[in-house]
Amino acid sequence: MSGGDAIPEFSKSKSGAKAGDGHEVSLTNLSAFASGPGIKSGKEVAAILAVAVIIIGGIELALRLFHVPLYIMPPPSSIAYALFDEFPLIAPHLGYTLVELVSGFTIGAIIGLVLAAVITQFPFAEKIVAPYILLLVTTPMLALVPLLILRFGFGYTPRIIAVALAAGPMVMINAATGFRRVDSAKIALARSYGASTLQIFWKIRAPMALPMILVGLMIGAIFGLLTAVGAEMVGGGFGLGNRLTTYSSMIQMPQFFAVVLILSTLGILIYVLFFLIGKKWASWEA
Amino acid sequence: MNTGDAKKPKLGVQAATKIYHTASGDLLALDRCSLDVSVNEIVSIVGPSGCGKTTLLWSMSGLHSLTSGEIRLDGKAITGPHPDIGIVFQEANLLPWRNLDANIRFPFEIKSEKPDRAWIAHLLNRVGLDGFGGKFPRELSGGMQQRAAIVRALALKPSVLLMDEPFGALDSFTREEMNRLVEEIWLDTKTTIVFITHSIEEAIFLSDRVVVLSARPGRVAKEYRVPFPRPRSLEIMATKEVFDLTNRIKMDIVGERTRPKAPERPSAEIVRIRP
């Protein structure tokens, strides 16, 4: 569903074969900000809704037709009812998860951004630090949660630390890529007007890095959400992750899926938020 | 050439030498290059590619330091970027995240100065960019981008304008249009201009003087006065004098590599290709 409806069919298929031409929808692609899931016409929206109705209706019908038990797969209608019915009980947990996500992400993102900005100024230091950053990016920070719980107990602290540890390196590695994009002509332009190092950073390097920074923030936030929910599933009696384990242990599948639905919505909202920010501030890239 | 004038040079280059220290050894880019540019003069620097034209210009701008030698503006040695010198870069070098207005405001932001709105409006009008202030660089054609870059460079009212192959990326029609625009602006402001180009036609059209640099290491090989009156029409540019001058400069540059052969028609024997 990418691209406008004005694009003739042959060029669509041609562009689909070529990578990175701005027509693919990808989290890591800069051009995601320019094209993205560009739903433009009412016709497209109607088509998407129609597909959704057919899929959901089809599942509902099939589950009821074959008498699938509720604990194996609840029908969409019962999930919707559970979402509506249980929401007052789930809402506080949504709040806890959001607190962990927002505070952990903020801490991680700030540290990641500052480190990226500093480290890219010193290429030698960057070379030495790079393997460790890679280690931080590739290690699932969830693995540390049991340890963090031993040290910090079952409160917010271990979760916020885990979220920060998951989001920070993602933000950092992408922001560093952005800061490394040196355009010597633009820096020369600023220098020709007598710009200081700090001015060059804020007026040239930072805006040039912005698209990559936004990609990093988006990926960091989504990884943060995953880690927050995972950490909640490990221990502690609150948060959406805790609800998942609780409902599944009580075989309350409609409620379980209602929580899953809330989590997907959160993920989509994160994506849309950064997509809109990118469209506003980084669309010059394309 | 210019030594008859009593006035001191606006921009004086004395024995400018630049050595680049690269991984594959030292590279002598400029070798004792000397040249004077008078007040209100337009001087073009032409030469084979890689001859150090851009190095020389960047040294004049204070963005590069010389290995030895000196560049003086109004008699004072240039040690770094100077507020009296404006630069128009290769390609337009606009900041893509800023619209046109914000791009032209950029130098003032760096200097924490208030932009001279009336002057900028006058310049925008002069180059035909009225009403384009809200557009982003990607929304403008190459020619329009370069006009905006010229406005940005002139906005601070520099007394010297350095132009580094500014129209190299433009098509030939747009290029001619831009050349006329530079001449108009010069007639208007009388800014001293040093113009780097690889187009001899462009150099002759614009300049009072064309300086030919030799192949690396860059030295001043020759200088030509261009005596034609301004504004220079297409008719003047089509005269035999211009044609001859163009050819002489071309020979200076091309002759650096391949000494001209005797101008007789090549016989069949000469063009025979040996296995």
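Laid out as a table, the results:
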| read-out | value |
| --- | --- |
| Residue satisfying condition, being more than 14 Å from chain B (Cβ to nearest Cβ) and either closer than 17 Å to residue A:220 by Cβ or among the acidic types (Asp, Glu) (or both), within set A:160, A:128, A:149 | A:160 |
| Some residue of the range A:142-159 being among the aromatic types (Phe, Trp, Tyr) and under 25 Å from the mean Cα position of the chain (by Cα) | yes |
| Test set (1) under 30 Å from residue A:282 (Cα atoms); (2) surrounded by 18 or more Cβ atoms within 10 Å (Cβ to Cβ); (3) in the same structural domain as residue B:42 (by TED's automatic domain parsing) - residue B:150 fails condition number | (3) |
| Of all residues in the range B:123-141 being in a helix (DSSP H, G or I) and closer than 20 Å to residue B:96 by Cα, the one that is farthest from the other protein chains (Cβ to nearest Cβ) | B:124 |
| From the options A:231, A:209, residue that is crowded, with 23+ Cβ neighbours inside 10 Å, away from chain B (no Cβ under 14 Å) and small (Gly, Ala, Ser) | A:231 |
| Residue A:64, sole failed condition from (1) among the charged types (D, E, K, R); (2) more than 30 Å from residue A:167 (Cα to Cα); (3) in contact (Cβ under 8 Å) with a residue 60 or more places away in the chain | (3) |
| Residue B:75 vs. criteria over 18 Å from residue B:159 (Cβ atoms) and more than 14 Å from chain A (Cβ to nearest Cβ) | no |
| Qualifying residues in the range A:181-206 (those that are surrounded by fewer than 16 Cβ atoms within 10 Å (Cβ to Cβ) and more than 8 Å from chain B (Cβ to nearest Cβ)) - the one modelled with the lowest pLDDT | A:182 |
| Selection count, the range B:142-160, where residues are among the small types (Gly, Ala, Ser) and more than 11 Å from chain A (Cβ to nearest Cβ) | 4 |
| The range A:251-263, residues that are farther than 17 Å from residue A:91 by Cβ and surrounded by fewer than 19 Cβ atoms within 10 Å (Cβ to Cβ) | A:251 |
| Tally of residues being farther than 30 Å from residue B:31 by Cα, in contact (Cβ under 8 Å) with a residue 12 or more places away in the chain and touching a Pro at 6+ places or on another chain (Cβ under 9 Å) across the range B:197-245 | 1 |
| Test set (1) surrounded by fewer than 18 Cβ atoms within 10 Å (Cβ to Cβ); (2) over 21 Å from the mean Cα position of the chain (by Cα) - residue B:83 fails condition number | (2) |
| Residues within the range A:244-286 that are touching a residue at least 60 places away in the same chain (Cβ under 8 Å), outside any loop (DSSP other than H, G, I, E, B) and among the small types (Gly, Ala, Ser), tallied | 3 |
| Matching residues, the range B:85-122, being more than 10 Å from every other protein chain (Cβ to nearest Cβ), farther than 23 Å from residue B:182 by Cβ and aliphatic (A, V, I, L, M) | B:102 |
| Subset of the range B:55-77 (residues that are free of Cβ contacts under 8 Å to residues at least 40 places away in the same chain and of a type in the set (Gly, Ala, Ser)) | B:62, B:65, B:77 |
| Residues within the range A:258-286 that are among the polar types (S, T, N, Q) and either under 10 Å from the mean Cα position of the chain (by Cα) or within 14 Å of chain B (Cβ to nearest Cβ) (or both), tallied | 1 |
| Yes/no for residue A:112 being surrounded by 17 or more Cβ atoms within 10 Å (Cβ to Cβ) and more than 20 Å from residue A:240 (Cβ to Cβ) | yes |
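To keep it simple, each residue is scored yes or no on (1) basic (Lys, Arg); (2) in contact (Cβ under 8 Å) with a residue 40 or more places away in the chain; (3) in contact with an Asp or Glu (Cβ under 9 Å, 6 or more places away or on another chain).
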| residue | (1), (2), (3) |
| --- | --- |
| B:38 | no, yes, yes |
| B:45 | no, yes, no |
| B:53 | yes, yes, yes |
| B:79 | no, no, no |
| B:89 | no, yes, yes |
| B:133 | no, no, yes |
| B:140 | no, yes, no |
| B:152 | yes, yes, no |
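The values are calculated or read from the model by the stated rules, or taken from the named source; none is laboratory data. Bear in mind that the values here come from a model prediction, so they are computed numbers and not experimental data. Cβ: placed from backbone, ideal geometry, glycine included. Neighbour counts: every protein chain shown.
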